[in-house]
Amino acid sequence: MKNLGISLLIIGVGSFILPMLGYQFRMIQGLSHLLGEHTQSLLGICAAVLGLILTVFGWKREQERR
């Protein structure tokens, strides 16, 4: 769960920052073409928040096992 969270966090933050630099993730770019141009930022924020939640829960779960 922690690894998935970290991956989503990286994708989310990257898809929010990369368009400012003139780049885009291909999978997010495809989704933004289907859903509209302004949805890329929203998708990035949602992925980052979900990734942060999964990462925190993963770390808590890992701490409880010790």
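Values in this text are rule-based calculations from the coordinates and carry no lab data. Please read all numbers here as calculations on a predicted model, not as lab measurements. As a convention, Cβ positions derive from the backbone with ideal geometry for all residues, glycine included, and neighbour counts pool all protein chains shown.
Quick look at the numbers
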| read-out | value |
| --- | --- |
| Packing rank of 10-16, 25-31, where each peptide gets the mean count of other beta carbons within 10 Å, highest leading | 10-16, 25-31 |
| Crossing angle, helix 39-65 versus the chain [Cα axis fit, 0-90 degrees, rounded to tens] | 10 |
| The chain: equivalent-ellipsoid semi-axes (sqrt of 5 x gyration tensor eigenvalues, Cα, Å) | 28, 10, 8 |
